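Presented below is the structure to which this report refers.
The values are calculated or read from the model by the stated rules, or taken from the named source; none is laboratory data. On a predicted model such as this, the values are computed, not experimentally measured, just so you know. Every residue, glycine as well, gets a Cβ built from its backbone with ideal geometry; the counts of neighbours run over all protein chains shown. Quick note on the areas: whole protein, heavy atoms, side chains included, nothing else; ligands and nucleic acids left out. Shrake-Rupley method; radii C 1.70, N 1.55, O 1.52, S 1.80 Å.
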Amino acid sequence: MKRFILMLGFFVLTLPVTIAQVSTQNIRGHIIDNISHMPLPGATIMLIDTTLQKGVVSDIDGYFVLDNVPIGRISIKITYVGYNDVVLNNILLISGKETNLEIAMEEKIITTSTVVITANRDDGSVNNDMTTVSTRSFSVEESQRYAGARNDVARMASGFAGVNITDDSRNDIIIRGNSPMGLLWRLDGVDIFNPNHFGATGSTGGPVSMLNNNVLSNSDFLMAAFPAEYGNAVSGVFDLRMRSGNSEKHEFMGQIGFNGFETGAEGPISRKNHSSYLVNMRYSTLGVFKTLGVDFGTGTAIPEYMDGTWKIAFPSTKIGSIEWFGLAGKSHIEFMNSEVDTTNVGSDFYTDSDYNLINGSTMAISGIVNVLPINRKSYLKNTASASWHQFTTDVDSIKWPEVILTPYYRNDFRESRLMAKSEYINKLSSRFNIRIGTEISNLGYNLKDSVWKSDSSYFLTLRDQEGSTCFLQTYGQGQWKPTGNITVNGGVYFQQLVLNNANRIEPRLGLRWQIGEKTTFTAGYGRHSNMMNLLYYFTKSRLPDGSYVEPNLNLGFMKADHYVLGWEYRTGVHSKLKTEIYYEDMFDVPVDAATNNSFSMLNEGASFENSAPDSLKNAGNGKNYGIELTIERYLNKGWYYLATASLYESKYAGSDGVEHSTAFDGNYVLNLLAGKEISWKNKKGGQNSFIFDVKVTYAGGQRYTPYDVAATVALREEKYMAGKDFTEQYKNYFRTDIKIGYRRSVGKMTMEWNLDAQNALNIKNIYSQKINVETGEISYLYQLGRLIIPQFRIEF
């Protein structure tokens with residue numbers, strides 16, 4: 001690793017000399033109404049907080065360009081008659097890439113006592129104005145900036161209040177004590193399968209994200225009481241948006257780091273019509289890191305993966321705008337423990353030394369979106385998409401010392417989804433607008449898996465089903481602004497699974513009340529439900545005569561009521577204090593239908609294994625409640641901080657009716673993130689920047705069920721204490737991540753080097769425990785130690 005760092009340093013010192021000149025760059029943008037999406041011609045765009053007096057007016061289609069702006073951090077102000085001003089602070093302008101902005105402006109509400117509102121877009125303002133509570137917008141730069149994020153939006157979100165990730169092996173999002181299985185991933189308006197490499201069927205996380213933040217635009221992260229347009233989720237929503245390519249200039253990007261070797265390109269298809277392309281490819285480089293001695297938790301196995309994203313945009317056609325986007329990824333890994341010295345392989349979070357495991361996954365999504373204007377106030381948005389997911393696993397048991405392999409488990413899970421959606425948006429007035437949408441999806445499935453029963457010497461079929469069914473979703477929602485400082489959002493959502501005709505109507509309601517320029521109160525309520533993955537519906541149960549039945553075909557939706565109250569106070573132009581209290585009532589939770597025990601679907605996602613019994617019923621319940629605090633300063637004058645505190649309880653009851661802590665009941669999470677950026681002009685007329693970021697996390701340890709040591713030794717197999725489910729916790733989780741970087745912009749090129757020291761203090765956080773069935777001795781597997789991740793990026 002020292003040799004690798006020295007090589008990076010040498011490369012910095014031997015960069016080619018470019019022509020001396022003052023580096024400038026262009027800022028391009030498009031100004032639209034935030035509801036009708038109609039262009040706003042004649043809007044004024046001005047540079048602010050600078051001695052350079054420069055401005056421009058948007059053209060008839062709402063487009064503008066501020067050219068020859070000196071690189072560095074800049075701020076702009078947008079004004080338009082009858083609309084609230086918009087200020088964009090601390091935009092990073094680099095020499096290697098033009099900055100492209102999509103700016104949505106809000107029409108003023110004129111009253112006798114109008115409150116002057118200026119939207120500062122560095123303050124976490126959400127993209128979806130129908131959201132009221134528990135929502136945070138994030139930028140691409142934030143996902144690249146935060147220490148420990150690995151350019152992964154899920155790991156980035158772990159710094160937000162209410163979010164907990166204390167498992168270094170995966171990026172599963174635990175929101176307010178909920179199972180990560182209740183999370184919805186959405187990309188450009190399309191609900192997608194698990195967007196992570198090695199993502200198991202029915203899960204929402206994985207070791208490495210397929211989502212490349214280099215192609216994302218500002219996006220929203222919702223944690224509770226979400227608007228009616230979001231369905232089939234009970235814990236949270238990642239509403240991600242892919243940006244369009246540069247419609248005026250061809251640009252290129254190269255990057256190499258922990259997540260892989262990346263290359264990207266974008267540019268115009270037709271400058272006249274502002275059409276563009278954007279494409280990005282990535283291939284894993286973990287083999288190189290393994291050669292350098294980096295331990296990332298897979299023993300001697302080397303993960304292999306590749307992914308690609310693309311977007312083709314035609315904003316001006318005879319039938320409105322048309323966009324074609326896609327994401328695809330493939331991953332594979334082989335844990336061949338029978339072929340290695342398992343006493344000296346480093347950390348292995350994913351397998352047992354007594355088994356070989358071969359795992360692979362493939363995910364692909366492609367969608368077409370058409371926005372058709374009806375008039376100046378309304379438009380139709382039509383979307384069609386096709387998606388595919390496959391997850392395969394081969395597990396063989398190893399008999400030592402002869403090294404005899406026996407097939408133990410096989411699965412081949414294939415899912416597909418064909419979706420068509422139509423939405424109608426109408427801005428009836430500056431005070432009131434509505435959105436109505438309907439969606440139909442054809443869900444295809446081919447699910448096969450079986451496990452070897454050594455006591456009976458046969459393969460037990462767990463699932464063997466192929467076919468398709470339909471899933472229907474409809475929503476209607478409206479926004480009413482009786483005054484300029486009060487906003488009421490309300491709506492109704494409906495979903496139905498044709499497989500068993502399970503259906504649900506869900507009300508949603510939110511209120512935002514801004515008092516003066518600094519104080520805002522919010523309240524929200526939402527009823528939400530979640531269809532289980534089709535795996536659970538088609539689980540087979542073997543009868544004494546050897547035949548099989550499928551007892552879960554009539555399984556209903558898991559449901560939850562969310563209640564949220566919030567208060568926010570602007571302590572400064574670039575800082576705020578925010579707190580929320582919440583209560584979530586979970587009901588109709590799938591639990592064991594055959595016997596009374598503590599199993600609950602609310603604990604699924606706590607491990608890589610599917611622990612659900614073969615017979616389920618909607619008879620469980622649970623609750624999550626807590627309070628959260630956020631103190632934040634957005635990047636300004638070169639520094640920022642984000643401090644969050646979350647205190648919570650997460651409880652559940654299985655078919656036994658006994659209340660337990662859930663597997664995700666960590667009780668508290670504390671985060672502190674901070675960073676400093678120091679910039680100076682270099683001798684070539686460009687700009688150099690030194691970047692320092694740190695993240696500190698302190699959280700309650702993971703929950704676990706203690707072993708019954710006496711029973712384990714007597715029976716020579718793992719046994720757990722009855723009635724003690726998740727009563728114990730590992731020691732508290734503590735981790736410090738430090739990131740240092742150097743960025744150099746000169747000529748028409750920008751280069752950036754980063755070193756990300758994850759778990760920089762090398763703290764030994766417990767990952768799991770293992771009992772010796774012969775002696776009863778308990779040992780621990782620890783999470784990742786100190787991990788140094790270098791990264792290089794070039795844009796031109």
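Provide, as a two-decimal number, the C-alpha radius of gyration of the range 406-545 over 2.2 N^0.38 Å, N being how many residues it has. Each step should come with its number before you reach the end.
On the way: Rg = 23.3 Å, N = 140, 2.2 N^0.38 = 14.4 Å.
Output field value: 1.62.
Taking a 27 Å limit on the Cα-Cα distance, which of the listed pairs Lys108/Lys578; Lys311/Lys684; Lys399/Lys764; Lys330/Lys448 fall beyond it? Intermediate values should be presented prior to the final figure.
Working: Lys108/Lys578 25 Å; Lys311/Lys684 35 Å; Lys399/Lys764 32 Å; Lys330/Lys448 20 Å.
In this structure, Lys311/Lys684; Lys399/Lys764 lie more than 27 Å apart at Cα.
Could you name the aspartates and glutamates whose alpha carbon sits less than 12 Å from that of Lys77, not counting residues in the same chain fewer than 8 places away?
Asp49, Asp85
What net charge do the residues around Gly205 carry, taking every other residue with its C-beta under 15 Å from that of Gly205, with Lys and Arg at +1 and Asp and Glu at -1?
Values: positive: Arg150, Arg155, Arg170; negative: Asp152, Asp167, Asp168, Asp172, Glu604, Glu609.
Surrounding charge for Gly205 is -3.
Pairs of alpha-carbon atoms within less than 8 angstrom and 6+ residues apart define the contacts here; what relative contact order does the range 579-716 have, in percent? Don't skip to the end; give the middle numbers.
Values: 288 pairs, mean separation 28.2, N = 138.
Contact order relative to length: 20 percent.
Please identify the GluC sites (Glu not before Pro) of the range 584-672 that satisfy two criteria: DSSP loop assignment and at most 15 other Cβ atoms within 10 Å. Which are they? Please report the intermediate quantities before stating the final value.
Details: sites: Glu584, Glu604, Glu609, Glu628, Glu632, Glu649, Glu659; in loops: Glu604, Glu609.
Listed in order of number, the matching sites are Glu609.
Using the Cα centre of the chain as the reference point, and only Cβ charges (+1 on K/R, -1 on D/E), how large is the resulting charge dipole? Debye, rounded to the nearest 20.
Details: 76 positive and 82 negative charges, 619 e Å.
With Lys and Arg at +1 and Asp and Glu at -1, about 2980 debye.
Accessible area of Met46, 1.4 Å probe, to the nearest 10 Å²?
Accessible area, nearest 10 Å²: 70 Å².
Among residues other than Thr750 whose Cβ falls under 13 Å from its Cβ, what is the net charge (Lys/Arg +1, Asp/Glu -1)? Each step should come with its number before you reach the end.
Details: positive: Lys97, Lys684, Arg743, Arg744, Lys748, Arg793; negative: Glu98, Glu251, Glu752, Glu795.
Local net charge: +2.
Decide, for the range 713-796, between rounded, prolate and oblate: order the square roots of the alpha carbon gyration tensor eigenvalues as a ≥ b ≥ c, take rounded if a/c falls under 1.5, and otherwise choose prolate if a/b is larger than b/c, else oblate.
Values: a/c = 4.27, a/b = 3.78, b/c = 1.13.
Prolate is the answer for the range 713-796, as a/c is 1.5 or above and a/b outweighs b/c.
When the chain is fully extended, how far beyond the present Cα-Cα distance does Arg786 get from Trp639, taking 0.36 nm per residue of separation?
Numbers: separation 147, 0.36 × 147 = 52.92 nm, distance 2.58 nm.
Fully extending the segment from Arg786 to Trp639 adds 50.3 nm.
Out of all DSSP beta bridges with both ends in the chain, state the antiparallel percent to the nearest 5. Working shown, then result.
Numbers: 328 of 343 bridges.
In the chain, DSSP labels about 95 percent of beta bridges as antiparallel.
By the gyration tensor of its Cα atoms, with a ≥ b ≥ c the square roots of the eigenvalues, what is the shape of the range 212-320: rounded for a/c under 1.5, prolate for a/b over b/c, or oblate?
Numbers: a/c = 3.48, a/b = 1.29, b/c = 2.69.
Oblate, since a/c reaches 1.5 and b/c is not below a/b.
If you wrap a convex hull around the Cα atoms of the chain, how much volume per residue is inside, in Å³? Don't skip to the end; give the middle numbers.
Values: hull volume 119.2 nm³, N = 796.
Taking only Cα atoms, the chain has a hull volume of 150 Å³ per residue.
Let a ≥ b ≥ c be the square roots of the eigenvalues of the Cα gyration tensor of the range 183-255; is it rounded (a/c under 1.5), or, if not, prolate (a/b larger than b/c) or oblate?
Numbers: a/c = 2.92, a/b = 1.49, b/c = 1.96.
Verdict is oblate for the range 183-255.
Count charges around Val279 for me, please; just the other residues with Cβ under 13 Å from its Cβ, Lys/Arg as +1, Asp/Glu as -1. Intermediate values should be presented prior to the final figure.
Numbers: positive: Arg243, Arg282, Lys311; negative: Glu251, Glu262, Glu266, Asp307.
So the surrounding residues net to -1.
Measuring from label point to label point, each 7 Å out along Cα→Cβ, what is the Asn503 to Phe796 span in nm?
6.0 nm
Could you work out the per residue convex hull volume over the alpha carbons of the range 475-525, in cubic angstrom? Don't skip to the end; give the middle numbers.
Details: hull volume 3.4 nm³, N = 51.
Given the Cα convex hull of the range 475-525, per-residue volume reads 66 Å³.
When the helices in the chain are scored as -39500 (n - 2.57) per DSSP H run of 4 or longer and the sum is shared across all residues, what 222 nm value do you end up with, to the nearest 500 deg cm²/dmol?
Working: 6 runs with 40 residues, N = 796.
When only DSSP H runs of four or more count, the value is -1000 deg cm²/dmol.
Angle check, please: helix 2-13 long axis (alpha carbons) against the longest principal axis of the chain (alpha carbons), in degrees 0 to 90, nearest 10.
10 degrees
Have a look at Thr362, Tyr146, Asn624 and report the one farthest towards the positive end of the charge dipole of the chain, computed about the Cα centre with Cβ charges (Lys/Arg +1, Asp/Glu -1).
After comparing all options, I get Tyr146.
Keeping every protein chain in place, order Ser679, Ser575 by accessible area at 1.4 Å, biggest value first, i.e. largest first. Walk me through the numbers before you get to the answer.
Numbers: Ser679 55, Ser575 20 Å².
The residues order as Ser679, Ser575, largest area first.
Below 8 Å between Cα atoms, with a sequence gap of 6+, how large is the relative contact order for the range 666-796 in percent? Before the final figure, lay out the partial values.
Values: 302 pairs, mean separation 28.8, N = 131.
About 22 percent, as a whole number.
Rank Tyr305, Tyr583 by accessible area, highest first, at a 1.4 Å probe radius?
Details: Tyr305 5, Tyr583 90 Å².
Solvent-accessible surface, decreasing: Tyr583, Tyr305.
For the range 556-631, what does the relative contact order come out to in percent, with C-alpha contacts under 8 Å and a separation of six or more?
Details: 141 pairs, mean separation 28.0, N = 76.
Value for the range 556-631: 37 percent.
Roughly how compact is the range 213-265, stated as its Cα Rg over 2.2 N^0.38 Å to two decimals? Show your work: numbers first, answer last.
On the way: Rg = 15.9 Å, N = 53, 2.2 N^0.38 = 9.9 Å.
The value comes to 1.60.
Of the options Asn485, Gly546, Leu535, report the single residue whose Cα projects farthest towards the positive end of the charge dipole of the range 466-550 (beta-carbon charges: Lys, Arg +1; Asp, Glu -1).
Asn485
Could you tell me what percent of the accessible area of the chain is made up of carbon and sulfur, with a 1.4 Å probe and every protein chain present? The partial results should precede the final answer.
On the way: 18710 of 32270 Å².
Percent of accessible area from carbon and sulfur atoms in the chain: 58.
So what is the accessible area of the chain per residue, in Å², with the probe set to 1.4 Å? Let's see the in-between values first.
On the way: 32270 Å² over 796 residues.
Value returned for the chain: 41 Å² of accessible area per residue.
So which of Lys97/Lys681; Lys249/Lys681; Lys617/Lys770 end up more than 20 Å apart by C-alpha?
Details: Lys97/Lys681 18 Å; Lys249/Lys681 25 Å; Lys617/Lys770 32 Å.
Where the Cα-Cα span goes over 20 Å, the pairs concerned are Lys249/Lys681; Lys617/Lys770.
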